[in-house]
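Participant: Please read through the structure below; I'll follow up with questions.
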Amino acid sequence: MVCQSLNPEVPNGNQNEVLMKTVEMVIQKIEEELDKLRETKQDPSLTPSVFQQGAFLSDILGLLESAAASHQQNEGNNQQNGGFNKKEAI
């Protein structure tokens, strides 16, 4: 499992929490970088690579936000099912 390799010192129950905090930190840093790019967008001397960088970061941000939302939904479903994941039983 990917989560277990993140930090072997963290008990398994907290791995998801650690993962989500990491994803949230990455999302925040990408949003900050996009804000900086938007501020410099006014400069006509910018090269097209700056715009490509903004598009690239926006794509990554969308993927991370989607993954985080999906993870939070799965966590909610697991709590409603008493922590039992039907996919694990199959």
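The values are calculated or read from the model by the stated rules, or taken from the named source; none is laboratory data. Note that the structure is a prediction, hence the values are computed from the model and not measured. Reconstructed Cβ throughout: ideal geometry from the backbone, glycine too, with neighbour counts over all protein chains shown.
Participant: Can Lys21 be described as basic (Lys, Arg), under 21 Å from Gln79 (Cα atoms) and either at pLDDT below 85 or part of a helix (DSSP H, G or I) (or both)? It would help to see each step written out before you state the result.
Facilitator: Numbers: basic (Lys, Arg): yes; under 21 Å from Gln79 (Cα atoms): yes; either at pLDDT below 85 or part of a helix (DSSP H, G or I) (or both): yes.
Taking the combined requirement at face value, the residue satisfies it.
Participant: A follow-up question, please. Here are the criteria: (1) surrounded by fewer than 12 Cβ atoms within 10 Å (Cβ to Cβ); (2) over 22 Å from Met20 (Cα atoms). Tell me which single one Val50 does not satisfy.
Facilitator: So the condition that Val50 fails would be (1).
Participant: Is one or more of the residues making up segment 42-55 over 30 Å from Asn78 (Cα atoms) and either of a type in the set (Val, Ile, Thr) or in contact (Cβ under 8 Å) with a residue 24 or more places away in the chain (or both)? Let's see the steps before the verdict.
Facilitator: First, pick out the residues of segment 42-55 that are over 30 Å from Asn78 (Cα atoms): 42-55.
Subset that is either of a type in the set (Val, Ile, Thr) or in contact (Cβ under 8 Å) with a residue 24 or more places away in the chain (or both): 47, 50.
Yes, that holds for at least one residue.
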